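Enquirer: What follows is a structure written as structure tokens; I'll ask about it next.
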Amino acid sequence: KDGFKAVVSTQSTGDAQQAPPGTATPDPAPIDTKQLANELVKNLDSAVPIEPAVENVIDPGPEIKFKLVYNKTNYEIVMGENRTVRELKDHIETLTKLPRAMQKLMFKGLVKDEGKTLKELKVAKNSKMMLVGTTMSDLVAVTTKPSSSEIAASSNTTVKKEPLCKQKMHIKVLEKGKPDDAMPGIAGVKQPLPSHPLNGMVNKTGGKVRLTFKLEEDSLWIGTKARTEKISMSNIKNVVSEKIESDPNYHIVGIQLGPTELSIYWVYWVPAQYVDAVKDTILGKWQTFF
């Protein structure tokens, strides 16, 4: 038994001499497991080369330079034609701080499919897109309920205006009744602008009016029997509206073309479902629904 131990000790220690009978065999040197693991990993790394991962990169395609209009501000966008609407909205969020989920892009109508590319939308050089949306700060400012003291202060300093339907100049027009060719109106519903002009309305003289929204030109065409006025939307100061009491399916809409309310162009019998879209398209931001 002792001889067997001596042989093992000799084989494992190399130059160690056979221990005499009855002599205790020294313990072998401790193994550095950490160093052994490091050497093993090093050997594996050199034996099995790791190939770098290959990413599936999509070619963005030729660049397109076009304009984006939001809140009366023009943004110049340069993107590859293979970029998607989702990628465009992500880029817009960095420019405007408007969250992608709250963005509505209008290009030849409302852009609904975020998976489509700019090429599929037929966006070309110098094309113009309209962006409609509300920032979270604007929403909070609008929806925050004022305190009782603020309401009291406001009531003391603000003179409440008479409703449009009660004002003499508007009564004269409304008393003539709804035009026979008025477009169908739907109260309590909000719809995007149709692909065709809004027609079947009248102005303060009772003349027929047609509103055409040229989004690619950022302009509004106000057409009458006598002429058509082409107005840049960036020059329009405000848009106000009020439902017609005798028929809530329609509104009176005022388009302020100059610095004062005297420059308002009044349009009567505007279908209620399009009023918000008219405001959003012209002003490029969320507006209160009267």
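The values are calculated or read from the model by the stated rules, or taken from the named source; none is laboratory data. Because the structure is a prediction, the values reported are computed rather than measured. We place every Cβ from the backbone using ideal geometry, glycine too, and count neighbours over all the protein chains shown. For the accessible areas, the whole protein counts, side chains as well, though only heavy atoms, and no ligand, DNA or RNA atoms are used. Shrake-Rupley method; radii C 1.70, N 1.55, O 1.52, S 1.80 Å.
Enquirer: Consider Thr144 carefully, then state whether it is polar (S, T, N, Q), more than 19 Å from Ser246 (Cβ to Cβ) and modelled with pLDDT under 90.
Expert: yes
Enquirer: Only one of Lys214, Lys285 is under 23 Å from Tyr75 (Cα atoms), open to solvent by 70 Å² or more (accessible area, probe 1.4 Å) and modelled with pLDDT under 90; which?
Expert: Exactly one residue qualifies, and that residue is Lys285.
Enquirer: Under the condition of being out of contact with any helix residue (DSSP H, G or I) (no Cβ under 8 Å at 6 or more places or on another chain) and open to solvent by less than 40 Å² (accessible area, probe 1.4 Å), which residue from region 189-202 is nearest to Gly254 (Cα to Cα)?
Expert: Result: Met201.
Enquirer: Let me ask you something else. Counting only residues that are modelled with pLDDT under 85 and among the small types (Gly, Ala, Ser), which one in region 42-76 is least open to solvent (accessible area, probe 1.4 Å)?
Expert: Ala47
Enquirer: Which one of Val78, Val111, Val69 is aliphatic (A, V, I, L, M) and out of contact with any helix residue (DSSP H, G or I) (no Cβ under 9 Å at 6 or more places or on another chain)?
Expert: Val78
Residues checked against (1) within 25 Å of Leu110 (Cα to Cα); (2) free of Cβ contacts under 8 Å to residues at least 40 places away in the same chain; (3) among the aliphatic types (A, V, I, L, M):
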{"position": "Glu216", "(1), (2), (3)": "yes, no, no"}
{"position": "Ser234", "(1), (2), (3)": "yes, no, no"}
{"position": "Val239", "(1), (2), (3)": "yes, no, yes"}
{"position": "Pro248", "(1), (2), (3)": "no, no, no"}
{"position": "Leu262", "(1), (2), (3)": "no, yes, yes"}
{"position": "Val267", "(1), (2), (3)": "yes, no, yes"}
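Enquirer: Still on this structure: Do the conditions hold for Thr96, that is, is it in contact with a Gly (Cβ under 9 Å, 6 or more places away or on another chain), hydroxyl-bearing (Ser, Thr, Tyr) and under 21 Å from Pro62 (Cβ atoms)?
Expert: no
Enquirer: Inside region 103-124, can you point out the residues that are more than 18 Å from Lys214 (Cβ to Cβ) and without any contact (Cβ under 8 Å) to a residue 24 or more places away in the chain?
Expert: Result: Lys112, Glu120.
Enquirer: Among Ser234, Ser263, Ser246, which is the only one that is of a type in the set (Ser, Thr, Tyr), open to solvent by 50 Å² or more (accessible area, probe 1.4 Å), within 24 Å of Lys172 (Cα to Cα) and modelled with pLDDT under 95?
Expert: Going through Ser234, Ser263, Ser246 in turn, just one is of a type in the set (Ser, Thr, Tyr), open to solvent by 50 Å² or more (accessible area, probe 1.4 Å), within 24 Å of Lys172 (Cα to Cα) and modelled with pLDDT under 95: Ser246.
Enquirer: Checking the structure you have, find out if any residue of region 27-34 is at pLDDT 55 or above, surrounded by 10 or more Cβ atoms within 10 Å (Cβ to Cβ), over 25 Å from Gly284 (Cα atoms) and in contact with a Ser or Thr (Cβ under 7 Å, 6 or more places away or on another chain).
Expert: Yes, there is a match, as at least one residue in region 27-34 is at pLDDT 55 or above, surrounded by 10 or more Cβ atoms within 10 Å (Cβ to Cβ), over 25 Å from Gly284 (Cα atoms) and in contact with a Ser or Thr (Cβ under 7 Å, 6 or more places away or on another chain).
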